[in-house]
Amino acid sequence: MWSKIVDRAQKEAVVAELDQIFTVSGVVIVAHYTGITVSEMSDLRLRMRKVGGAVRVAKNKLVKIALEGKECQSMASLFSGQTALIYSEDQVSAAKVAVEFAKDNQKLTILGGSMGATSLDASAVVEVSKMPSKDELVGTIVSMLTAPASNLAGALSGPSADIAGVFSTIEEKAA
């Protein structure tokens with residue numbers, strides 16, 4: 001009797017964790033991982049951690065319970081067999097890592113996923129992976145904002161350097 005209570009409490013904790021994943025994550029990718037070794041899975045987890053994401057394996061039944069009532073509920077059909085959730089808050093990071101890892105390791109098969117209410121099939125996940133990440137976009141915007149200032153500084157220092165050059169030439173001719 002005691003083990004059933006503990007088991008039920010553990011399942012409820014897993015469902016609550018999965019619920020949080022589906023609520024907070026910008027993208028959730030579902031993949032089959034049949035045949036992946038422990039070291040290969042550790043490598044995938046490490047790559048995801050580096051970009052602020054994670055990999056979660058859970059029983060499909062518990063995942064489907066956690067999906068009930070969520071805007072991404074349409075991806076429940078993807079959960080059969082050995083499935084893993086690959087997710088991140090950034091909408092692109094998890095897709096980039098998953099697609100890159102799947103190219104290197106044929107044992108990881110991307111099935112699809114979701115970005116909020118938007119369902120993704122495997123080809124859509126590949127397309128998302130080609131988009132710039134949040135950090136790349138911020139870098140681009142910052143460089144675009146600082147470019148006019150550096151252009152202005154160059155334009156302002158340019159004429160004074162030219163005038164100094166002219167004075168230097170006149171001085172040399174006079175001497």
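Bear in mind that the values in this text are calculations on the coordinates, not laboratory data. Just so it is clear, the structure is predicted and the values come from calculations on it, not from any experiment. No Cβ is skipped: glycine too gets one built from the backbone with ideal geometry, and neighbour counts run over all protein chains shown.
The stretch between Arg8 and Ala54, if pulled fully straight at 0.36 nm per residue, gains 14.1 nm over its current Cα-Cα span.
Stokes-Einstein, applied to the Kirkwood radius of the stretch 1-133 over Cα pairs at a viscosity of 0.890 mPa s and 25 °C, places its translational diffusion at 165 µm² s⁻¹.
Overall, the stretch 26-80 carries a charge dipole of about 140 debye about its Cα centre when +1 sits on the Cβ of Lys and Arg and -1 on the Cβ of Asp and Glu, all other atoms neutral.
Beyond a 25 Å Cα-Cα separation, which of these cross-linked pairs lie in this structure: Lys11/Lys70; Lys11/Lys103; Lys61/Lys96; Lys107/Lys130?
Among Lys11/Lys70; Lys11/Lys103; Lys61/Lys96; Lys107/Lys130, the Cα-Cα distance tops 25 Å for Lys11/Lys103; Lys61/Lys96.
Computed from backbone phi with θ = phi - 60° and the Karplus coefficients 6.51, -1.76 and 1.60, the 3J(HN,Hα) list for the stretch 113-125 is x, 7, 10, x, 7, 7, 7, 10, 8, 4, 5, 5, 5 Hz; x is used for glycine and proline.
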